[in-house]
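Below: the structure, in structure tokens.
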Amino acid sequence: MDAKAVEELIAQYAPNAAAIGIQAATALTLLLVGYWAAKFVSGLTSKAMVKRSIDATLTNFISKLVFCIIFALVAIPALAEAGIQTASVIAALGAAGLAVGLALQGSLANFAAGVLLIAFRPCRVGDWIDAGDCSGTVESISLFSTILLTGDYKRIVIPNARVMSGPITNYSVMPRRRIDLVIGISYDADMRTAIKILEKLIQADERILKDPASTVAVSELGNSSVNLICRPWVATADYWPTRWKMIEDIKTEFDAAGVGIPYPQMDVHFHKQD
């Protein structure tokens, strides 16, 4: 570029140099102030969520989302101040957001369900739950999926949308559980003896709670048996060991006392025809 061309450029832009400099400085100031404000509000949001013991994954995500939203709201007028046409930029971002939203519709549903799971906490890591037609101990809850460990140590990854689409049964959240047993005895057996045996077994097991009181009663006169209910209360951690032990002891004590436990039978009659 020769000297004459340089002189022409200077002559063309020199009168507007001050205005351009002011615009650039204003845009840069807006960006710096917006960055500081976004970082400040994001930090306050993170501290507030940590103070309320909200999950760290959700806390980090929300704080970063707040930062991005505030900075974007400041960046658009800063670009406009610098003389950049922002209408086309906003339209392009809107179209891109719509396309991404349609493409990731399922993932966004899982994400929304993950936010609800982490925020409202119907279950926590270590709880045994039924959810999404699966049962197991919660190993982790992320923004997109929940991982369960089954009793035989299988690892199940369930999309969060499926977890939130149906009931979530949490067996670990309450401090105690009731064992519900239905024991059928034969009509020839001594019902009073059977009830006394059940009450004795409840009294003998130290894991069974005194309050609430256990229930032993006759629930039904069935087709082939008199059905008794036995409903002791135990600490949640003692549920399965106590249940298994109760079933074993009931069979042993009933056999020793001569209390019969009937099993389904069918009488088949043959008619001979000439």
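The values are calculated or read from the model by the stated rules, or taken from the named source; none is laboratory data. Quick caveat: nothing in here was measured; it's all calculated off a predicted structure. Positions of Cβ are generated from backbone atoms using ideal geometry, with glycine treated the same way; all protein chains shown enter the neighbour counts.
For every residue, the table says whether it meets (1) assigned to a loop (DSSP other than H, G, I, E, B); (2) free of Cβ contacts under 8 Å to residues at least 40 places away in the same chain; (3) exposed (fewer than 12 other Cβ atoms within 10 Å of the Cβ); (4) at negative phi.
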residue: Ser172; (1), (2), (3), (4): yes, no, no, yes
residue: Val182; (1), (2), (3), (4): no, no, no, yes
residue: Ile195; (1), (2), (3), (4): no, yes, no, yes
residue: Asn223; (1), (2), (3), (4): yes, yes, yes, yes
residue: Ile261; (1), (2), (3), (4): yes, no, no, yes
residue: Phe270; (1), (2), (3), (4): yes, yes, yes, yes
Problem set entry | Per-region count, region 241-259, residues buried (at least 16 other Cβ atoms within 10 Å of the Cβ) and of a type outside the set (A, V, I, L, M, F, W, C) | 4
Exercise. What residue, of Ser142, Ser165, is assigned by TED's automatic domain parsing to the domain that holds Trp128, touching a Ser or Thr at 6+ places or on another chain (Cβ under 8 Å) and either of a type outside the set (A, V, I, L, M, F, W, C) or without any contact (Cβ under 8 Å) to a residue 24 or more places away in the chain (or both)?
Worked result: Ser142
Exercise. Consider Asp238 against the criteria (1) surrounded by 14 or more Cβ atoms within 10 Å (Cβ to Cβ); (2) more than 25 Å from Arg176 (Cβ to Cβ): it satisfies all of them except one. Which criterion is unmet?
Worked result: (2)
Exercise. Does region 159-170 hold any residues that are surrounded by fewer than 18 Cβ atoms within 10 Å (Cβ to Cβ) and aliphatic (A, V, I, L, M), and which are they?
Worked result: Ile168
For this session: For region 131-146, name all the residues that are more than 24 Å from Ile62 (Cβ to Cβ) and either acidic (Asp, Glu) or at pLDDT below 90 (or both).
Result: Gly132, Asp133
Seminar exercise, completed: The number of residues in region 227-259 that are farther than 13 Å from Ile197 by Cα, in a helix (DSSP H, G or I) and small (Gly, Ala, Ser) is 1
Exercise. Given the structure, is Ile168 under 30 Å from Ala112 (Cβ atoms) and either touching a strand residue (DSSP E or B) at 6+ places or on another chain (Cβ under 8 Å) or polar (S, T, N, Q) (or both)?
Worked result: yes
Exercise. Which of the residues spanning region 151-178 are touching a Leu at 6+ places or on another chain (Cβ under 7 Å) and within 28 Å of Val234 (Cα to Cα)?
Worked result: Arg176
Problem set entry | Which listed residue, of Ala24, Ala38, is in a helix (DSSP H, G or I), at pLDDT 80 or above and within 60 Å of the chain's Cα centre (by Cα) | Ala38
